[in-house]
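Enquirer: The structure's right below; bear with me while I get my questions together.
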Amino acid sequence: KQEVTQIPAALSVPEGENLVLNCSFTDSAIYNLQWFRQDPGKGLTSLLLIQSSQREQTSGRLNASLDKSSGRSTLYIAASQPGDSATYLCAVLDSGTYKYIFGTGTRLKVLA
Amino acid sequence: NAGVTQTPKFQVLKTGQSMTLQCAQDMNHNSMYWYRQDPGMGLRLIYYSASEGTTDKGEVPNGYNVSRLNKREFSLRLESAAPSQTSVYFCASCVFTGELFFGEGSRLTVL
């Protein structure tokens, strides 16, 4: 059974720091991995999608990498800003079940 | 484009009442999902539909039923609501192995 874990559960950093959020999954048989952002009381917004054949994707200050063989992905946020404060979730599309399975998220707070 | 639309956005029920959460997408996606989100537990999959006419159970299907009415619509029904079903419910859709798009959520309270 596919399981997705995100560590740490919460993170607080001063503005301007570069930071890394981690996502691990137990079964490497995935179609893709997606990173989302969720603001309090809101829905989920897609940030980056990495197909299983890709190693990384970039969008602005965000870079996501995927190492399928080791079951890991990282989301790198450069020069963090208070507006980056949110919960970040990763999800894998499991190729055995065709279902998206989510981690529990990392709650990020960027201090001004 | 409206994307994924959920109704209602808020609902309060008494224990034992029934209700249906509606979800519609206008992106011609084949796959649709229902998740619930509870504090500290992330998103848990309730039911999934790979295409019109097919549905499959997720991690937490007990107490729920679904209908994939057509390609656009995927509804979630609570036949006899329980306080444990108090949660935020999200509908999502995607093309077969593509990017997942979410609705804004439906906040349900069961008293």
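Enquirer: Can you spot a residue in the range B:59-74 that is at the interface with chain A (Cβ under 10 Å from one of its Cβ atoms), surrounded by fewer than 17 Cβ atoms within 10 Å (Cβ to Cβ) and either closer than 27 Å to residue A:88 by Cβ or touching a strand residue (DSSP E or B) at 6+ places or on another chain (Cβ under 6 Å) (or both)?
Expert: Yes, the range B:59-74 has at least one match.
Enquirer: Here is a follow-up. Go through the range A:44-72 and report how many residues are buried (at least 16 other Cβ atoms within 10 Å of the Cβ), on the phi > 0 side of the Ramachandran plot and free of Cβ contacts under 8 Å to residues at least 12 places away in the same chain.
Expert: Residues that pass the stated criteria total 0.
Enquirer: Just a yes or no: is a residue in the range A:36-43 surrounded by 13 or more Cβ atoms within 10 Å (Cβ to Cβ), among the charged types (D, E, K, R), over 11 Å from residue A:91 (Cα atoms) and within 13 Å of the chain's Cα centre (by Cα)?
Expert: Step one: filter the range A:36-43 for residues surrounded by 13 or more Cβ atoms within 10 Å (Cβ to Cβ), giving A:36-38, A:42-43.
Still in the list and also among the charged types (D, E, K, R): A:37, A:42.
Of the ones still in play, those that are also over 11 Å from residue A:91 (Cα atoms) are A:37, A:42.
Then drop every residue that is not within 13 Å of the chain's Cα centre (by Cα), which leaves A:37.
Yes.
Enquirer: Is there a residue in the range A:61-81 that is modelled with pLDDT of 95 or more, under 30 Å from residue B:107 (Cα atoms) and not hydrophobic (A, V, I, L, M, F, W, C)?
Expert: Within the range A:61-81 (the criterion being modelled with pLDDT of 95 or more, under 30 Å from residue B:107 (Cα atoms) and not hydrophobic (A, V, I, L, M, F, W, C)), the answer is yes, since at least one residue qualifies.
Enquirer: For residues in the range B:49-79 being in contact (Cβ under 8 Å) with a residue 40 or more places away in the chain and either part of a strand (DSSP E or B) or of a type in the set (S, T, N, Q) (or both), which is farthest from residue B:6 (Cα to Cα)?
Expert: B:78
Enquirer: Right, something else. Quick one: in the range A:50-103, which of the residues that are among the aromatic types (Phe, Trp, Tyr), in a strand (DSSP E or B) and within 14 Å of chain B (Cβ to nearest Cβ) is farthest from residue A:5 (Cα to Cα)?
Expert: Going residue by residue through the range A:50-103, those that are among the aromatic types (Phe, Trp, Tyr) are A:76, A:88, A:98, A:100, A:102.
Filter again for in a strand (DSSP E or B), leaving A:76, A:88, A:100, A:102.
Cutting the leftovers down to within 14 Å of chain B (Cβ to nearest Cβ) gives us A:88, A:100, A:102.
Details: A:88: 12, A:100: 14, A:102: 8 Å.
Going through the qualifying residues, I end up with A:100.
Enquirer: Among the residues of the range B:80-88, is any within 14 Å of another protein chain (Cβ to nearest Cβ), surrounded by fewer than 16 Cβ atoms within 10 Å (Cβ to Cβ) and in contact (Cβ under 8 Å) with a residue 40 or more places away in the chain?
Expert: no
Enquirer: Which residues, counting only those in the range B:25-43, are facing another protein chain (nearest Cβ under 8 Å), under 20 Å from residue B:87 (Cβ atoms) and assigned to a strand (DSSP E or B)?
Expert: Across the range B:25-43, the qualifying residues are B:33, B:35, B:43.
The values are calculated or read from the model by the stated rules, or taken from the named source; none is laboratory data. The structure displayed is predicted, hence computed values, not measured ones. Backbone-built Cβ (ideal geometry, glycine too); neighbour counts: all protein chains shown.
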